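For reference, the structure discussed in these notes is given below.
What follows draws every value from the coordinates through simple rules; no lab data is involved. Note that this is a predicted model, so its numbers are computed, not measured. Cβ coordinates were reconstructed from backbone atoms using ideal geometry, including for glycine residues, and neighbour counts include every protein chain displayed.
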């Protein structure tokens, strides 16, 4: 089964990437893996404080994931999985792709502001020649209807 890997973060464009991945998985008989990466700089405190902050970050991620997972299950019939990693987002996305051979497509959302599509999209495009899988960049400004039409 081909798995669509989508990155969960706090960006607006993440929503369209989630929708696209779930719709494509539903229509192709695939799965969805949601990856959230906790940046290491969030825990540069005393060890005890860092551990508490790490646990709180995981709880926030799991709650955020459950919102998307419920929609995927209820509306698309897809039961996503969650992977949480710590480190640099770009490196951790590449590591997740390398470690999970079921991942067949990376789905990213592109930002809509004047600063460009976002740092992760930019880094993935630069590294695209060495990726083992294709990737899809979903415009953050696409409507639900447009997403339905292309999936």
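Per the helix-only calculation at 222 nm, which mean residue ellipticity applies to the chain, given -39500 (n - 2.57) for every DSSP H run of n ≥ 4 and division by its residues, nearest 500 deg cm²/dmol?
Numbers: 5 runs with 68 residues, N = 151.
Computed ellipticity for the chain at 222 nm equals -14500 deg cm²/dmol.
Of 72, 23, 53, the residue with the greatest mean-square motion in the GNM of the chain, using alpha carbon springs below 10 Å, is 53. By other beta-carbon atoms within 10 Å, ranking 52, 61 with the fewest at the front produces 52, 61. Per residue, the Cα convex hull of segment 60-149 amounts to 134 Å³. Put a dot 7 Å past the Cα of residue 123, heading toward its Cβ, do the same for residue 49, and the two dots end up 2.6 nm apart.
Largest GNM mean-square fluctuation among 49, 121, 89, using the chain with Cα springs under 10 Å: 49.
Taking the chain on its own, what percent of its Cα-Cα pair distances exceed 27 Å?
21 percent
Among 10, 88, the order by Cβ neighbours within 10 angstrom, fewest to most, reads 10, 88. With a Förster radius of 25 Å applied to the C-beta separation of residue 81 and residue 133, the computed FRET efficiency comes to 0.90.
Just 131, 106, 82 to compare: in a GNM of the chain, with alpha carbon springs under 10 Å, which one fluctuates most? Between 131, 106, 82, it is 131 that shows the largest mean-square fluctuation.
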